[in-house]
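This report refers to the structure that appears directly beneath it.
The values are calculated or read from the model by the stated rules, or taken from the named source; none is laboratory data. On a predicted model such as this, the values are computed, not experimentally measured, just so you know. Cβ placement follows ideal geometry from the backbone for every residue including glycine, while neighbour counts extend to all protein chains displayed.
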Amino acid sequence: MPIETLDDSQRVEDIASETVQLNFDNAGALGADAGEAAGTPVVGKLAQGTVLNELGDTPANYLDTSLAFTSTALTTEVELPNGYDGRDYVGAIEKLQSLTSGLSNGEYFVDYVHGTVYGVKASVQTSLTATSYKIPVRGGTASAVIGSVNSQGQYNLVQPTIVDGDFDDMQLDVNGNLRVTLATGLNFQDDNVEAFNAANANTTGMDTTFDADGDNTAQSVKGAAGNLYKIDIYNSNGAAAFVQVFDATTGAVTVGTTTPKYVFFVPSGGAYSGDLVAPMSFATAITYACTTTATGNGDPTTGLTCSFGYK
């Protein structure tokens, strides 16, 4: 006889108002009962297996069960037949015929582990209605949603609108990739959730600007709003040099007068290389100039070699 192990990590869930379709031998294949006559062998499958007894502490048997339903077709429960497990490796029709061969009209038995009902009809009723029973659910204390976990996604040209408490499939794009929007993140200094700019997973890489002779003339990295991610500078002069960056277009910058957004120091005969972990954002444009002082307009004797990575 099938058995099931229960332990303390399980709790009891009540299933109610289920309708169980009966099936019969329809020319050698299982078919939905459409009003077959009394005396027809039938089989039905509960939505869940491992039905518990009335108390809910052990698997059910025909003398002690939580299973109840309304039916005029199956009316009298009998014991699971001997040798039931020995028919696991036969076809569905052969199994149905052999297991019900000794039953009278209206009699049925239940495989409580697998949630299967076999019987012989006493009326033309096609289903078991108002079916209720108890099952074990592993873990937790709140009500569980019984059913399968969908690991597949769905593509919708127009994304569905859902409300609080709704369940929905994972959404895919037209190429079958999971649609993910990165819009918020944690502020690591407190427990609040703050908005921040996050690159989408499929965003293309940086654009670049290279200048082999950077001087004190305002030059453009990007003529529109953007982010500066990386800067590499080489200074071959015998004196230190500076790279001023401005949040303005080249025409709006007067080197030595306009206040820079940031100033990079480059030692004499040396270099500066910076990967900006948090990119420097520019609301208008990204403009630069190379000078001999931090905020002045002196022109280096030899132009600086500059590379910028931006987006």
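For this structure, a couple of remarks:
- If you go through region 282-295 and keep only what is of a type in the set (Ser, Thr, Tyr) and touching a Leu at 6+ places or on another chain (Cβ under 8 Å), you end up with nothing.
- Residues within region 61-106 that are more than 45 Å from the chain's Cα centre (by Cα), hydrophobic (A, V, I, L, M, F, W, C) and crowded, with 17+ Cβ neighbours inside 10 Å, tallied: 1
- Answer from Val43, Val51 - the residue that is closer than 12 Å to Gly119 by Cα and in contact (Cβ under 8 Å) with a residue 60 or more places away in the chain: Val43
- Residue that is surrounded by the most Cβ atoms within 10 Å (Cβ to Cβ), among those in region 15-38 that are among the aliphatic types (A, V, I, L, M), more than 35 Å from the chain's Cα centre (by Cα) and not in a loop (DSSP other than H, G, I, E, B): Leu22
- Verdict on Pro300 being surrounded by 15 or more Cβ atoms within 10 Å (Cβ to Cβ) and assigned to a loop (DSSP other than H, G, I, E, B): yes
- Residues of region 244-271 satisfying the condition of being out of contact with any Leu (no Cβ under 8 Å at 6 or more places or on another chain), within 19 Å of Thr302 (Cβ to Cβ) and surrounded by 18 or more Cβ atoms within 10 Å (Cβ to Cβ): Gln244, Val255, Phe264
- Looking across Gly86, Gly49, Gly119, Gly44, one residue alone is more than 30 Å from Arg138 (Cα to Cα), assigned by TED's automatic domain parsing to the domain that holds Tyr133 and of a type outside the set (Lys, Arg). It is Gly119.
- Residue in region 51-58 that is part of a loop (DSSP other than H, G, I, E, B), out of contact with any Lys or Arg (no Cβ under 7 Å at 6 or more places or on another chain) and among the hydroxyl-bearing types (Ser, Thr, Tyr) present: yes
- Test: residue in region 2-21 that is farther than 24 Å from Val137 by Cβ and of a type in the set (Asp, Glu): no
- Qualifying residue in region 39-54 (condition: among the small types (Gly, Ala, Ser), more than 36 Å from the chain's Cα centre (by Cα) and modelled with pLDDT of 95 or more): yes
- Answer from Gln189, Gln154, Gln159 - the residue that is modelled with pLDDT under 90 and either part of a strand (DSSP E or B) or touching a helix residue (DSSP H, G or I) at 6+ places or on another chain (Cβ under 9 Å) (or both): Gln154
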